[in-house]
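Below is a structure I'd like to ask you about.
None of the figures in this text is laboratory data; all of them are computed from the coordinates on show. This structure is a prediction, so every number in the text was calculated from the model and none was measured. Positions of Cβ are generated from backbone atoms using ideal geometry, with glycine treated the same way; all protein chains shown enter the neighbour counts.
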Amino acid sequence: MMNFIKKHLRMAIATVTLALMATGACIMTLSVESPLSIQTQNTAALNSYRENDVHEVSDDPPATAGTTRRPAAATTEAAVEAADTTSSTSTTITTTTATTVTTVTQTSARPTVPHQTQITTHLPTFDPLAEYLPADAAPVPRYAEPSGTAYLTFDDGPSKLTPQILDILAAYHVKATFFVVGHEDAFSREMYRRIAAEGHELAIHTYTHDYSQVYQSVDAYFEDFDRISDLLYSETGMRPTQFRFPGGSSNTVSYKYGGEGLVREIALQAKRRGLTYHDWNVSSGDASGYKQTVEQVLGNVIGPSVSKLEPVVLMHDVPANTATRDALPQMIQQLSAEGYNFDTISHRSIPCQHRHWEE
Ligand code: ZN
């Protein structure tokens, strides 16, 4: 009975918020710099925010983007965990319910990052009655003094699961990172736009994901990279600066195509171009040959994550991974219960890299 009431309350909230959105009346915002509880924005302002604030654009020098707080000498996970460069900031969070608007003021220990100063809350695009959404799905708290920050990452999408993953993230008010591949169809183009519009980080995994093609040479890698960069730019007006190597930076599959030194050469060239790559330090195991259960995915993720200050969780947004989708609500709830906040990859204190090379 309670679930029934909750479902209908959530539906009412979504309906009211949709009505607000439809009139263009107001979009709730989270403001780090200002104590204002509500700010109104029109569509043009939102578009401006999308282009300028959510992700770095290629014209920015890398020093102004997510790389500014990264200690140059820190190259290991131990150094990652030691490099906690947070500062206290007063944060005001506004939430809306069907009949009231409430304001909660918190003290945040998150790093101060210019493009985090204004974050729109989630667009209410999800169906609260969807079967993959638990009846008790609700926004997780954003802790002033978190145990750590978890970075949920999804590789290889978009796929037919992407809308459902986005709905779950929206229901819990969690931001994640999508390392996408290239698809030109209308659905995939819509997914690129939706990922970006809902405040997630749209990042590059390669266009083809074909090892034998992208790992032929440095030029072949960036020919592929530019192809998906152009596609994402045409859909979102942004060029992602964060990427993930197919197979990760420590992969050995590339050896047989471009030789042992190729990934290093690509990494150095990427750095010259102001690009940053990210691996992971927690694997959900959802790319293994056999189909995982929800319990296996959670077992692979929760324990290894809570031993880290900044877990970067590798997951795959592919049609077969319904267990990953179904594990996601519990994953978010359990990590939140352990005191973790969630953020997108360019906000990590330093990149999560298996291999790191300097010129
Ligand atoms: Zn991949």
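Expected output is a single nm value to one decimal: the length gained when fully extending between T208 and F187, i.e. 0.36 nm times separation in residues minus the C-alpha distance. What is it? Please list the in-between numbers first.
Working: separation 21, 0.36 × 21 = 7.56 nm, distance 1.74 nm.
The T208-F187 span can extend by a further 5.8 nm.
Please work out the FRET efficiency for the pair R272 and E131, using the Cβ-Cβ distance as r and a Förster radius of 41 Å; give the result to the nearest 0.05.
Numbers: r = 48 Å, r/R0 = 1.16.
Calculated transfer efficiency: 0.30.
Right, something else. Please give the FRET efficiency for D226 paired with H356, using the beta carbon to beta carbon distance and R0 = 22 Å, rounded to the nearest 0.05. Present the calculation step by step, with values, prior to reporting the outcome.
Working: r = 24 Å, r/R0 = 1.08.
About 0.40, to the nearest 0.05.
Here's something else I'd like to know. Length gain on complete extension for the stretch A320 to E265, per 0.36 nm per residue less the alpha carbon to alpha carbon distance?
Numbers: separation 55, 0.36 × 55 = 19.80 nm, distance 3.38 nm.
So the extension gain works out to 16.4 nm.
Measure out, as a whole number of angstrom, how far apart the alpha-carbon centroids of the range 280-352 and the range 125-198 sit.
Cα centroid to Cα centroid, the span is 13 Å.
Something else: Ranked highest first by the average count of other Cβ atoms within 10 Å around their residues, in what order do 321-333, 193-205, 278-290 fall?
Values: 321-333: 20.9, 193-205: 22.7, 278-290: 17.8.
Highest mean packing first, the order is 193-205, 321-333, 278-290.
Among V318, F245, L262, which residue has its Cα furthest toward the positive end of the charge dipole of the range 218-327, with +1 on Lys/Arg Cβ and -1 on Asp/Glu Cβ?
Toward the positive end, the furthest listed residue is L262.
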